1. Could you grab me the full set of residues in region 107-118 that are of a type outside the set (S, T, Y) and either within 13 Å of ligand 2 (Cβ to nearest atom) or open to solvent by 10 Å² or more (accessible area, probe 1.4 Å) (or both)?
2. Output the residues belonging to region 85-99 that are buried (at least 20 other Cβ atoms within 10 Å of the Cβ) and more than 11 Å from ligand 2 (Cβ to nearest atom).
3. Tell me whether region 88-107 contains one or more residues that are farther than 15 Å from L22 by Cβ, among the basic types (K, R) and more than 14 Å from ligand 1 (Cβ to nearest atom).
4. Of (1) over 15 Å from G89 (Cα atoms); (2) open to solvent by 40 Å² or more (accessible area, probe 1.4 Å); (3) touching a residue at least 60 places away in the same chain (Cβ under 8 Å), G16 satisfies all except one. Which?
5. Which is over 19 Å from E2 (Cα atoms), assigned to a helix (DSSP H, G or I), charged (D, E, K, R) and within 14 Å of ligand 2 (Cβ to nearest atom), of D51, D104, D121?
6. What residue, among those in region 109-148 that are out of contact with any strand residue (DSSP E or B) (no Cβ under 6 Å at 6 or more places or on another chain) and among the aromatic types (F, W, Y), is farthest from ligand 1 (Cβ to nearest atom)?
7. For a quick check of your reading of the model, give me the residue pairs whose first member lies in region 108-132 and is farther than 16 Å from L88 by Cα, whose second is hydroxyl-bearing (S, T, Y) and part of a strand (DSSP E or B), with beta-carbon atoms closer than 7 Å and at least 6 apart or on different chains.
8. Across region 37-48, what is the number of residues that are without any contact (Cβ under 8 Å) to a residue 60 or more places away in the chain, open to solvent by 70 Å² or more (accessible area, probe 1.4 Å) and within 15 Å of ligand 2 (Cβ to nearest atom)?
Amino acid sequence: SERTYIMVKPDGVQRGLVGNILGRFEQRGFKLIALKLVHATPEHLEQHYIDLKGKSFFPGLIKYMASGPVVAMVWEGLDAVKTGRSMLGATNPLASAPGTIRGDFALAVGRNICHGSDSVDNAEKEIKLWFPEGVVQYTNDNSKWIFE
Ligand code: GTP
Ligand code: MG
């Protein structure tokens with residue numbers, strides 16, 4: 001089934017929101033297949049946000065993302081990319097619905113506490129970039145209780 005790359009940004013780590021964010025993906029029924037705490041270099045983050053190079057906010061975005069450790073993870077399950085994005089909420093927290101991660105915890109687009117892949121193709125690229133060592137293979141016997 002589908003995989004997505006989800007990341008708690010440095011502000012989410014500093015504010016102690018890692019457990020809450022992880023918990024939402026667990027509760028929803030996704031399977032955790034990779035997880036690590038990493039203080040990424042600007043070069044690595046520029047690669048991650050390569051599509052945004054040239055935007056006026058790009059230097060500030062890289063500085064923000066390099067300002068502390070992030071929690072990198074891969075979640076697997078039904079429509080993981082689309083569902084992950086809807087759980088995050090709109091990019092600008094001013095427009096994020098209450099009940100979403102950003103809608104519950106953030107106010108500013110430049111401090112929006114989490115990242116989620118925006119397509120299956122980008123998810124694949126991001127998983128390779130953040131987990132070149134690969135994800136973890138294991139059986140989780142609860143899937144028949146989560147989808148048909
Ligand atoms: P990610 O999940 O982080 O990729 O966010 P997104 O897919 O919802 O938005 P996008 O990829 O367009 O932008 C990536 C990140 O850049 C956003 O999450 C914001 O942190 C930041 N960003 C986007 N637009 C702006 C902006 O207009 N101003 C500032 N300061 N930051 C922005
Ligand atoms: Mg994006």
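The values are calculated or read from the model by the stated rules, or taken from the named source; none is laboratory data. All figures in this text were calculated on a predicted structure; none of them were measured in a lab. Because the Cβ atoms are built from the backbone with ideal geometry, glycine has one as well, and the counts that use them run over all protein chains shown. Areas reflect the complete protein model, heavy atoms only, side chains present, ligands, DNA and RNA absent. Shrake-Rupley method; radii C 1.70, N 1.55, O 1.52, S 1.80 Å.
1. Matches in region 107-118: L107, A108, V109, G110, R111, N112, C114, H115, G116, D118.
2. M87, G89, P93, S96
3. No, there is no match, as no residue in region 88-107 is farther than 15 Å from L22 by Cβ, among the basic types (K, R) and more than 14 Å from ligand 1 (Cβ to nearest atom).
4. Among (1) over 15 Å from G89 (Cα atoms); (2) open to solvent by 40 Å² or more (accessible area, probe 1.4 Å); (3) touching a residue at least 60 places away in the same chain (Cβ under 8 Å), the lone unmet condition for G16 is (3).
5. None of the other options fit; the residue is D51.
6. W145
7. E126/Y5; I127/Y5; W130/Y5
8. The qualifying residues number 0.
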